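The block underneath contains the structure these notes are about, expressed in structure tokens.
The values are calculated or read from the model by the stated rules, or taken from the named source; none is laboratory data. Since this is a predicted model, take the numbers as computed values, not measurements. FYI the Cβ positions are ideal-geometry reconstructions off the backbone, even for glycines, and counts take in every protein chain you see.
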Amino acid sequence: MGQFLLKRARGICLTMLVLGVSACGNINDQAGANGQSTSGSPLIEASSTKQNAARFLTQATFGPTDASVQQVQALGYRGWIDQQMATPSPSHLAYVDNRIAQIKLSNPDAALDATQFYESFWLYAATSPAQLRERMKLALSEIFVISFADPVVEVRGAASYYDMLGNNAFGNYRTLLEQVSLHPMMGVYLTHMANQKEDPATGRSPDENYAREVMQLMSIGVEQLNPDGTVRRDANGAAIPSYTSTDITELAKVFTGFSWYHPTPSNNTFLGRNRDPESAVRSMIPYGQYHSTSAKTFLGKSIAAGSTDARAELNEALDTLFNHPNTGPFLARRLIQRLVTSNPSPAYVGRVAAVFNNNGQGVRGDLAAVVRAILLDREASTIGTDPGSGKVREPMIRLTNWMRAFGATSVSGNYLIGSTRSNVSLGQAPLTAPSVFNFYRPGYVPPNTRLGAANLTAPEFQIVDEVSVAGYANTMVGAIGNGIGTGTDVRSTYAQEVAIAHDANALADRMNAILLYGQMSGRLRQRIIESVNSVPIPGGTASAAQITTARLNRTRIAIYLTMISPEYLVQR
């Protein structure tokens with residue numbers, strides 16, 4: 001089936017995919033000087049059409065379904081968000097623990113590997129009722145990065161880290177920042193696990209890795225920001241740094257003396273010997289004898305010398321980052337980019353940052369209020385028409401979108417997809433970023449493009465190249481045609497689509513509704529109709545099986561052509 005699909009679609013599909021690399025630039029041809037929206041009213045109130053509901057769900061979930069569209073229409077945007085925020089996510093840690101126990105029934109020597117975490121990711125992304133929380137887990141994991149690319153990250157620890165992100169997705173940023181800082185997988189990944197105080201006799205100084213990255217990537221960024229996220233500049237027009245190398249060195253002293261959890265801590269447990277069985281999933285604990293007792297001055301904050309209370313000093317440091325004027329606009333822009341658009345206007349960032357600073361009840365850092373502000377902002381609802389707006393869909397989200405839109409199910413029940421990190425697959429998999437800087441930088445601009453000329457960013461384009469484009473096309477040929485995963489474990493029967501496949505117009509309408517929220521161009525629609533009609537449905541003495549096969553082929557071509565089109569690849 002995959003070969004049939006590729007042969008039928010090759011001339012159209014590969015050309016369209018290559019065009020997809022520049023499609024965002026073409027879409028932005030008419031952007032203003034900075035490509036920004038000039039939206040009016042800051043908030044949207046209700047969903048009146050299926051198209052609006054599907055667009056909203058594209059931003060807030062791993063993909064709209066017929067049922068979720070109806071739910072949004074019934075509840076309205078606010079009601080749906082409230083319901084989602086009250087819905088807990090299933091536990092990835094519980095999944096991997098149960099899965100390895102199941103595997104050991106037939107192979108007692110089996111050990112956990114990242115595959116079991118990937119299974120839990122695809123399972124919950126595709127089927128969890130807590131879709132907003134699931135989408136936020138992914139967004140947060142690309143800001144507060146740990147990665148299986150570093151072998152020090154353990155599977156149970158990574159699963160608990162992902163659970164922690166989900167548990168805090170609608171809590172307070174200050175709590176999230178603390179739990180990230182103390183999670184053992186962040187400790188080993190950014191090397192502040194068992195970080196020791198300075199020793200003048202040996203020349204040892206505290207590891208600065210986490211101190212630098214918690215500022216640069218997780219809280220305040222490298223440049224001072226205005227309340228709307230624009231960069232503050234000095235009298236000469238140069239960006240003003242938000243911290244110095246001295247700030248890093250001094251803050252690193254705070255992140256000393258923390259190591260593995262143990263009910264009876266000792267020097268051995270600090271160094272990772274005789275670890276408690278739950279040490280990979282429980283917060284690091286302070287070991288006072290290894291904590292720096294010298295005075296510390298960073299970001300205008302001073303801590304007096306003499307204290308061995310590592311936890312108290314950690315709280316002071318995190319409070320300083322939490323209350324920094326950069327933190328609201330920094331986080332606002334990062335989350336808007338992950339959910340809605342790569343180039344939010346300063347006004348949009350400023351509105352969301354203001355909610356971070358004060359949720360309306362005097363609370364700072366309320367992530368539930370921040371997410372509401374992002375998704376309910378007028379700019380989020382006008383991405384289909386504003387020049388310079390939108391974002392490239394992440395490859396992982398494209399695959400889950402297919403699963404959800406067409407009711408794909410797992411034969412085994414375990415979603416045996418595994419890693420899709422290879423650039424001949426999706427070029428992306430959960431918790432596999434190549435570095436702490438994620439899969440792509442938030443300010444990435446593809447060189448020598450119209451995007452660059454328009455001063456527009458496109459983070460996801462950093463993982464787009466000739467190989468990844470072909471890898472996605474080939475992966476989707478297989479997934480749509482036969483299924484994906486071990487033994488094509490995850491597959492769809494396309495029952496709803498097959499039922500209308502005799503009518504190419506109806507099939508194109510279905511693609512428009514479920515994948516493109518009513519924004520399909522006439523050109524793409526005509527190509528789909530022509531390609532579908534090139535596959536005749538046999539009549540006469542044809543068997544039921546032959547007729548069904550023809551209907552399936554027509555359906556799969558329609559899905560494939562839609563999902564590799566620039567109109568789909570660029571979420572607007």
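Identify all residues within the range 165-175 that are in a loop (DSSP other than H, G, I, E, B) and among the polar types (S, T, N, Q); write none if there are none.
Once the filter is applied, which keeps residues that are in a loop (DSSP other than H, G, I, E, B) and among the polar types (S, T, N, Q), the range 165-175 yields only N168.
Taking D234, is it charged (D, E, K, R) and either touching a residue at least 12 places away in the same chain (Cβ under 8 Å) or closer than 19 Å to F270 by Cα (or both)?
No.
Each row is one residue, and each column tells you yes or no for (1) touching a helix residue (DSSP H, G or I) at 6+ places or on another chain (Cβ under 7 Å); (2) more than 25 Å from G221 (Cβ to Cβ).
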| position | (1), (2) |
| --- | --- |
| Y243 | yes, no |
| I248 | yes, no |
| F258 | yes, no |
| H262 | yes, yes |
| R273 | no, yes |
| S283 | yes, yes |
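Every residue in the range 176-203 that is part of a loop (DSSP other than H, G, I, E, B), in contact (Cβ under 8 Å) with a residue 12 or more places away in the chain and among the β-branched types (V, I, T), please.
Matches in the range 176-203: T191 only.
Quick check on the range 292-299. Is at least one of its residues farther than 17 Å from H324 by Cβ, touching a residue at least 12 places away in the same chain (Cβ under 8 Å) and not in a loop (DSSP other than H, G, I, E, B)?
Within the range 292-299, none of the residues are farther than 17 Å from H324 by Cβ, touching a residue at least 12 places away in the same chain (Cβ under 8 Å) and not in a loop (DSSP other than H, G, I, E, B).
Within the range 300-313, is even one residue at negative phi, assigned to a loop (DSSP other than H, G, I, E, B) and not small (G, A, S)?
yes
Pick out the one residue from R372, R364 that is among the basic types (K, R) and part of a helix (DSSP H, G or I).
R372
Counting only residues that are assigned to a helix (DSSP H, G or I) and among the aliphatic types (A, V, I, L, M), how many does the range 130-164 have?
The total comes to 9.
Can you pull out the residues in the range 500-527 that are touching a helix residue (DSSP H, G or I) at 6+ places or on another chain (Cβ under 8 Å), part of a loop (DSSP other than H, G, I, E, B) and either outside the structural domain of S419 (by TED's automatic domain parsing) or surrounded by fewer than 22 Cβ atoms within 10 Å (Cβ to Cβ) (or both)?
I500, H502, G518, Q519, M520, S521, listed by residue number.
How many residues are over 13 Å from G187 (Cβ atoms) and in a helix (DSSP H, G or I) when one looks only at the range 212-222?
3
Restricted to the range 70-111, and to residues that are of a type in the set (A, V, I, L, M) and not in a helix (DSSP H, G or I), which residue is surrounded by the fewest Cβ atoms within 10 Å (Cβ to Cβ)?
Among those residues, the one meeting the criterion is L105.
Checking R133 against (1) modelled with pLDDT of 95 or more; (2) farther than 23 Å from V490 by Cβ, which single condition isn't satisfied?
That leaves (2) as the condition not met.
Count, please, the residues in the range 391-435 that happen to be over 15 Å from the mean Cα position of the chain (by Cα), assigned to a loop (DSSP other than H, G, I, E, B) and aliphatic (A, V, I, L, M).
Summing the residues that are over 15 Å from the mean Cα position of the chain (by Cα), assigned to a loop (DSSP other than H, G, I, E, B) and aliphatic (A, V, I, L, M) in the range 391-435 gives 5.
Select, from S279, S283, S342, the only residue that is surrounded by fewer than 18 Cβ atoms within 10 Å (Cβ to Cβ), in a loop (DSSP other than H, G, I, E, B) and touching a residue at least 40 places away in the same chain (Cβ under 8 Å).
Going through S279, S283, S342 in turn, the sole match is S283.
Give R364, R421, R351, R378 a once-over and let me know the one that is more than 30 Å from A86 (Cα to Cα) and charged (D, E, K, R).
When all the criteria are applied, what remains is R421.
Here are some conditions: (1) within 24 Å of Y440 (Cβ to Cβ); (2) buried (at least 20 other Cβ atoms within 10 Å of the Cβ); (3) touching a strand residue (DSSP E or B) at 6+ places or on another chain (Cβ under 9 Å). E379 meets all but one. Which one does it not meet?
Single failed check for E379: (3).
Quick check on the range 221-230. Is at least one of its residues surrounded by 16 or more Cβ atoms within 10 Å (Cβ to Cβ) and within 20 Å of N315 (Cβ to Cβ)?
No: zero hits.
Please indicate, with yes or no, whether at least one residue in the range 157-174 is assigned by TED's automatic domain parsing to the domain that holds L376 and more than 19 Å from M218 (Cβ to Cβ).
Within the range 157-174, one or more residues are assigned by TED's automatic domain parsing to the domain that holds L376 and more than 19 Å from M218 (Cβ to Cβ).
Residues of the range 46-77 being of a type in the set (D, E, K, R) and closer than 20 Å to V340 by Cβ, which ones?
Within the range 46-77, K50, R55 meet the criteria.
Find the residue count for the range 508-554, including only residues that are small (G, A, S) and within 23 Å of L399 (Cα to Cα).
5
Can you confirm whether E208 is under 28 Å from M396 (Cα atoms) and touching a residue at least 24 places away in the same chain (Cβ under 8 Å)?
Criteria not met by E208.
So which of S531, S468 is over 29 Å from A139 (Cβ atoms) and at pLDDT 95 or above?
Being over 29 Å from A139 (Cβ atoms) and at pLDDT 95 or above holds for just one of S531, S468, which is S531.
Looking at M185, is it of a type in the set (A, V, I, L, M, F, W, C) and closer than 30 Å to V363 by Cα?
Considered against the rule, which asks whether it is of a type in the set (A, V, I, L, M, F, W, C) and closer than 30 Å to V363 by Cα, M185 comes out as yes.
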